[in-house]
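First up is the structure itself, then whatever we jot down about it.
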Number of protein chains: 4
Amino acid sequence: MDMSSKDPVAPPLEVSKWFNTEAPVSLAELRGRVVAIEAFQMLCPGCVSHGLPQAQRVVDTFGSDVTVLGLHTVFEHHDAMTPVSLEAFLHEYRIGFPIGVDAHDRPGGTPITMSRYQLRGTPSLVLIDRAGRVRLNGFGHIDDLTVGATLARLIDEAPPKPPATACDPDQGCPLPTDTIPTKETHR
Amino acid sequence: MDMSSKDPVAPPLEVSKWFNTEAPVSLAELRGRVVAIEAFQMLCPGCVSHGLPQAQRVVDTFGSDVTVLGLHTVFEHHDAMTPVSLEAFLHEYRIGFPIGVDAHDRPGGTPITMSRYQLRGTPSLVLIDRAGRVRLNGFGHIDDLTVGATLARLIDEAPPKPPATACDPDQGCPLPTDTIPTKETHR
Amino acid sequence: MDMSSKDPVAPPLEVSKWFNTEAPVSLAELRGRVVAIEAFQMLCPGCVSHGLPQAQRVVDTFGSDVTVLGLHTVFEHHDAMTPVSLEAFLHEYRIGFPIGVDAHDRPGGTPITMSRYQLRGTPSLVLIDRAGRVRLNGFGHIDDLTVGATLARLIDEAPPKPPATACDPDQGCPLPTDTIPTKETHR
Amino acid sequence: MDMSSKDPVAPPLEVSKWFNTEAPVSLAELRGRVVAIEAFQMLCPGCVSHGLPQAQRVVDTFGSDVTVLGLHTVFEHHDAMTPVSLEAFLHEYRIGFPIGVDAHDRPGGTPITMSRYQLRGTPSLVLIDRAGRVRLNGFGHIDDLTVGATLARLIDEAPPKPPATACDPDQGCPLPTDTIPTKETHR
């Protein structure tokens, strides 16, 4: 398994509120790290019995090799699964890894990040490689052997090289591509 | 095991809102029936993994021989476990027996019915006999063999006799209330 | 539920070897007691995962109110489930209640007691009342609520009355048989 | 994780009887493949409830990427866990991968392969890489995330290069390095 241009780039998280972290978490800042996102709803039975315990096992087993995030992707019972309720849920179930509340662009309906990742429901597990590409996007029950195998492969991959700043003796040194302003001028 | 005056009379339920029932449930009206009350909080992990599934198994096994009620005894995270959240919880976990929200006489703190029954926490299971006395009041995990045995004994007990008709030396002996004809003459 | 003449009398056990008991166990000597027989084969997965653990839970929950017996009813793989193998099995699985090896009247085939009770396979649970009648004869997974309820009812039944002593007008009244002293004089 | 000379070479299996395979299995012939050996005793409860089901999950999840073998390492109750009993056990528990009976060099005691691998008991899981080195040798419960991660790494390692037989037109063809006698002479 290796990074391939056909693996989609992980879209940014759109989070309205974070728990269990002092600062908001950004996937861009996690570039270079392996990231596991557990998308869940606090009143989804399969998330409570399977998805969230598995995410906790990933924390316990892989430690700092994997950054585990929870994403509260409320697409039903919006009034029931508010941030206030979620906070109590995280306390009672002793969930300590960072949890983001997926933002909505309109009341009700599917939250923004959930749409961007085209998740099919909850629980869903998304694994992102060091280069920021989605390498697994699974819905429902995914067994631990498969999750463990996939994470090991992502952990063992080399981090992406920083973009080369190819200096042309005649033209000079361009800024890296992703910071080039719209109207670039070589200098 | 038999009904004894040392078994406490089950105090009345103080419920602010009912789910899964058209009319409020009253223990007085259930006199003559065996009643199981599962006291829970929707965000209590032991209630979700053990207490409520056991209550459902009692419904499935004993059918109409036992009246199973849930009592949402919120004594913490009050803003998180509102009736709105509870309703979604009941829907997602497919709980179909009547559920009452234990009322509070002041914001926060222990709800009224929970105090009356001196419950030690959630989940708690209360079994009430046909005479309206509490025969089991257990906190935490109570195994199915014990619950099944206790319920069988309560089911097999004869319903309490109607109260003896009090004969007044001056007035004579009235018929028992529930057999008084429409046009009663005795007083 | 009460003892009825339509409940079959429990046939005697035909056991070739006993474990976990100094003396052979006889149902006749257990008359007056509630008896649970767990029929199993040591290489039957459902017996190992469900039947035998349930029998142990009955021991733990009901103590001296129920006599729990195991019956090793080998009807297949006869050379694999010998008494020598069974003894090691009982040791490794820490089974401490009496276990009888169901006898065969011919090599292979269904053992004698299993045939007498018309068991459908393993695991099977047989519950016998104080009067020596079979009150439950179930094959496969029987839930703990049902087993607990049934046992409570059998425990609560009165032991059968001793047979009335037939007084002969000419001879007088003999003592009941089982209290007759060695040198009896009445007749 | 990479192959290292400090990982011990997997000693050969000493098997007295094979099940579920037409021909005896030799680790030498499996060189180049990832091998998982589940060491168990058929009457060991932890093997039945955890070790063997995990081995089956490895078969189901990794398919032809991992060769799963069972090794019946009887070190107690020798008369109870004979090949005849084992065969029935494998049938009843529907275990289909190859199973070898670890051989004894004397009656009773620890079997030969178990000693060679210095296993601490049953269940034990041994993972061997493509170069024939032991990369994991664990006793008891090893979680699926860890097993999945380790197997993925072993699967992804390149197979060892075949020994170069670099024939020099002028010098001739040397023996492969590991078979060169102490005093080698080119021919």
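The numbers here are math on the coordinates, done by the rules we state, and not lab data. Just so it is clear, the structure is predicted and the values come from calculations on it, not from any experiment. Here Cβ is always computed from backbone atoms with ideal geometry, including for glycine, and neighbour counts include all displayed protein chains.
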A correct Karplus calculation of ³J(HN,Hα) over the stretch D:30-38, with 6.51 cos²θ - 1.76 cosθ + 1.60, θ = phi - 60°, whole Hz and x for Gly and Pro, returns 8, 3, x, 10, 7, 10, 10, 10, 9
Shortest first, in nm, what separates the label point of C:G121 from those of the same position in the other copies (7 Å along Cα→Cβ)?
-> 3.2, 3.4, 4.2
Inter-label distance, nm, simple model (7 Å from Cα along the C-beta direction), B:V9/B:D79 = 4.1
Rank these for me by crowding, B:V35, A:V59, going from fewest to most other beta carbons within 10 Å.
-> A:V59, B:V35
Distance (nanometres) between label positions extended 7 Å along Cα→Cβ at D:R120 and D:N20 = 2.6
The stretch C:137-145 - phi-based ³J(HN,Hα) in whole Hz, Karplus 6.51/-1.76/1.60, Gly and Pro as x = 9, x, 10, x, 8, 10, 6, 5, 4
Rounded to a whole number of µm²/s, how large is the Stokes-Einstein D of the stretch B:53-103 at 20 °C and 1.002 mPa s, given Rh as the Kirkwood radius over C-alpha pairs?
-> 179
Ranked C:V9, B:V68, criterion: other C-beta atoms within 10 Å, fewest first = C:V9, B:V68
Can you list the residues, at least 5 places off or on another chain, whose amide H is less than 5 Å from the amide H of D:G132, using H built in the peptide plane?
-> D:G32
In whole Å, largest first, what are the principal axis extents of the Cα atoms in the stretch A:14-70?
-> 32, 29, 16
Starting from the amide H of A:L69, placed 1.01 Å from N in the peptide plane, find each other amide H under 5 Å away whose residue is 5 or more places distant or on another chain.
-> A:A36, A:I37, A:E38
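Can you sort D:E22, A:E38 so the residue with the fewest Cβ neighbours within 10 Å comes first?
Ranked by crowding around the Cβ, least crowded first: D:E22, A:E38.
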From phi via Karplus (6.51, -1.76, 1.60), per-residue ³J(HN,Hα) for the stretch D:110-120 in Hz, x at Gly/Pro | 7, x, 5, 5, 4, 5, 4, 8, 6, 5, 8
For the stretch C:33-118, what size does the Cα cloud have along each of its three principal axes, sorted from largest down, in whole Å?
-> 38, 28, 20
Can you tell me the relative contact order of the stretch A:1-80? Whole percent, Cα pairs under 8 Å, sequence separation 6 or more.
-> 30
Calculate how many DSSP beta bridges within the stretch C:15-179 are antiparallel, expressed in % of all such bridges and rounded to the nearest 5.
-> 60
If contacts are Cα pairs under 8 angstrom and at least 6 residues apart, what is the relative contact order of the stretch C:15-179 in percent?
-> 29
Long-range tail of P(r) for the stretch D:15-161 (Cα pairs > 24 Å, %) = 26
Find every distance from the label point of B:H50 to the corresponding label point in the other copies (7 Å from Cα along Cα→Cβ) and write them in nm, one decimal, shortest first.
-> 2.1, 2.3, 2.4
Inter-copy distances for A:G109, label 7 Å out on the Cα-Cβ vector, sorted ascending, nm, one decimal, are 4.5, 7.6, 7.7
Quotient of C-alpha Rg and 2.2 N^0.38 Å, computed over the stretch D:88-136 | 1.37
